[in-house]
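One structure is given below, encoded as structure tokens.
A short reminder: the numbers here are calculations on the coordinates, not readings from a lab. Since this is a predicted model, take the numbers as computed values, not measurements. Every residue, glycine among them, receives a Cβ derived from its backbone with ideal geometry; neighbour counts consider all protein chains shown.
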Amino acid sequence: MDKSDRFIFVNGPCLESVGAVKDRRQIRSQLMRRVFLERLPPEKRSEELLNPHVDESIDEFALSMRGYHQLASSHRSKSTTRSRQAKSGLASSSNGDRSCCAFCSAIIRAGHETCNQCGDAAEMAINTRHNSVIQKTKRNINRIVHLHLTRLADGQIDPFGGPANGRGDPGYSQLLGHFFTTLVPSLRRTHAWIEGCFEAYLKGTWSPLLFHSTCMAASVHLERTAQNRGAINYPSRATEQLYHKGAALRALQSAITGPIIGTRTLDEIILCICFLAVHDDIKESLAKDYNPFNPPLQDLQGLDFYGFSSFHGVHWNAIRQLVMRNGGLHTVKLYGAPWFLSYTSLKYAMFTASTPEFPIMDATGNMYGSDSPFQILQISARPWHKTLCNGGFRQLQTLRIKKSIIRALLDLSEFAQAVQLHLPKQDDAVAMDRLGDLRNLVQHRLLCLPKPSDPLLEEGIFEKNNNGRQRVQEDEQQEEEGMAKAMTMEVYRACWLAAFLFSTHVTFPIPATRPTREGLVPQLQDAIRRSSDPLADENEDEDRGKSEILLWCTMIGGIAAQDGAVERRSWYAGQLRKLCHTLNIQTWAKMQELMRSFAWVDVACDEGGYRLWMEAYPSSCQ
């Protein structure tokens with residue numbers, strides 16, 4: 001390369017693993033020039049400088065990477081190894097008796113066939129006496145160049161970004177660094193997820209749609225995270241956020257002028273709108289409040305940050321229409337986008353009391369089937385609803401509730417047990433990501449159940465016979481049957497309301513729970529009261545099953561009423577005492593066993609539950 005074509009590096013990437021000092025200096029210049037040329041318009045590129053074999057090596061090299069942090073650790077460990085070698089005198093050998101490994105830069109003595117550090121063949125080494133770079137080294141360099149050195153920089157995610165690449169915006173490097181080192185890992189924890197996002201969003205020239213919407217998301221997340229961690233007088237980033245929001249909207253307006261259906265541009269448009277919807281006006285709803293439960297895993301998949309009601313309906317309708325016009329969520333190919341959209345759809349449905357628009361997907365865009373939580377997590381233990389007491393929600397069968405409804409409630413029960421089993425595994429990234437996906441799936445199934453406000457609730461919850469008509473007794477018993485159905489509907493309402501309270505406070509713990517309690521706790525009280533009106537049941541098992549179900553609903557409602565009106569809390573304590581007398585429950589241990597047969601997480605519910613128990617039985621010592 002001509003000397004005039006070389007660049008001078010200031011705080012450039014670390015390439016200590018490539019040969020001697022002179023070799024590294026030359027390779028730095030080659031890398032810098034190659035990246036610069038690749039980012040020029042196609043008509044200005046020099047074809048002879050592009051390697052036709054680069055694409056073939058992308059997948060192999062990507063698999064060898066283990067994330068930005070691991071690479072940094074690798075550089076540090078290699079530097080330590082070289083330092084120790086220098087101290088031991090290996091580096092003092094004559095140039096004629098040694099060579100340098102082309103892969104790890106370790107010293108290879110004369111006569112040795114393999115490198116002691118990485119096991120590479122000696123014939124593929126660089127002879128430092130002749131300063132020759134062999135073909136394998138060139139292939140490794142080209143692999144690194146194709147990734148634009150995003151993983152090689154000491155202090156920046158993209159050290160080559162600048163005005164020449166249309167990214168001269170002040171502070172963008174800090175925003176991208178925060179996005180990929182903090183925001184992305186907060187959503188999912190595995191290295192495969194983080195690497196996939198690197199590949200999807202940093203490979204090639206960024207689209208203005210993704211670039212500015214990502215910078216806005218990172219700016220909002222950075223500011224709010226600093227405030228949540230106790231930063232005092234943290235400077236506002238409103239101007240920065242407004243700049244990137246405006247730039248994203250301009251890019252969005254430009255992108256929709258052309259044909260977009262079936263193109264990658266549509267994926268970028270959808271993700272851009274989703275980022276704007278999630279982070280727009282987020283300050284208005286970011287206020288954590290008191291939770292009478294003590295839920296674990298609140299930060300799983302970023303729910304402690306993204307679990308607020310901050311979605312704009314206009315944005316979400318645009319996303320839904322674009323996805324549907326393109327053929328469904330499975331047509332979105334941008335890595336991670338289907339999972340993020342399905343996750344966003346679930347949270348939007350929670351805060352609007354609607355059914356989720358999209359199915360739950362994993363990080364690679366695959367949908368989950370109809371398996372139970374224990375089957376998905378491959379847990380060999382038997383669920384509590386099969387081993388404790390009378391079967392928990394299974395007792396709804398005696399009230400002729402649909403099996404699909406009972407199955408969704410049993411999934412909630414199994415997931416609560418799975419949470420307890422996974423608490424010792426919080427350092428296992430794969431297990432935590434799978435548990436997070438399962439949490440979304442269980443919440444999705446719960447939101448798909450008939451809601452208490454549905455006008456056709458009766459048709460939606462009762463089993464039907466072969467003729468399609470609801471099961472009734474003889475004509476002379478229809479009036480009594482009608483009363484029983486009305487009471488069963490109230491039991492279902494109480495069950496749904498308690499399950500929703502339990503999920504939003506324990507298994508899917510949103511940060512701001514007080515509005516949910518203020519709206520649902522009084523409704524649950526009314527449903528329990530109507531379900532408990534005197535009615536002589538001829539079936540003793542049905543009566544006991546209904547009482548156990550109402551006891552679980554009363555316990556959940558009573559815990560949720562802890563910070564509410566004193567009269568309402570006292571009513572729940574009195575109702576708890578009444579049902580315990582009916583079921584002959586006299587100890588807290590027996591009560592805890594019954595709660596586990598429904599849905600219960602000890603670490604989240606025991607403290608609040610025991611406090612309510614002591615209010616119901618002040619003289620109890622159990």
Under the Karplus relation with 6.51, -1.76 and 1.60 and θ = phi - 60°, whole-Hz ³J(HN,Hα) for the stretch 411-419, x at Gly and Pro, equal 4, 4, 5, 5, 5, 4, 5, 5, 4
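Sort M324, M487, M216 so the one with the fewest other Cβ atoms within 10 Å of its own Cβ comes first.
M324, M487, M216
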Rounded to 0.05, the calculated FRET efficiency for the beta carbons of T582 and M483 at R₀ = 22 Å is 0.65
Computed over the Cα atoms of the stretch 169-298, the Rg and Dmax in Å are 16.2, 52
Here the residues of the stretch 211-226 lying in the modelled label zone of S236, meaning backbone nitrogen under 15 Å from a point 7 Å along Cα-to-Cβ, are 220, 223-224
Karplus ³J(HN,Hα) for the stretch 353-360 (6.51 cos²θ - 1.76 cosθ + 1.60, θ = phi - 60°; Hz, whole; x = Gly/Pro) runs 6, 10, 8, x, 6, 10, x, 7
Residue-ordered couplings for the stretch 503-519, obtained by feeding phi - 60° into the Karplus form 6.51 cos²θ - 1.76 cosθ + 1.60 and rounding to whole Hz (Gly and Pro as x), are 5, 6, 9, 10, 7, 10, x, 6, x, 10, 9, 4, x, 5, 5, 4, x
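Quick one: if the Förster radius is 35 Å, what FRET efficiency do E607 and N228 give, using the C-beta to C-beta distance and rounding to 0.05? Before the final figure, lay out each step's value.
Details: r = 24 Å, r/R0 = 0.69.
Result of the calculation: an efficiency of 0.90.
Test of understanding: ordering E414, E481, E615 by Cβ neighbours within 10 Å, fewest first, what list do you get?
The most exposed by this proxy come first: E481, E615, E414.
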Surpassing 25 Å at the alpha-carbon level, of the pairs K425/K451; K451/K546; K403/K451; K347/K386, are K425/K451; K347/K386
Most exposed first, judged by fewest Cβ atoms within 10 angstrom, I269, I260, I232, I556 run I232, I260, I269, I556
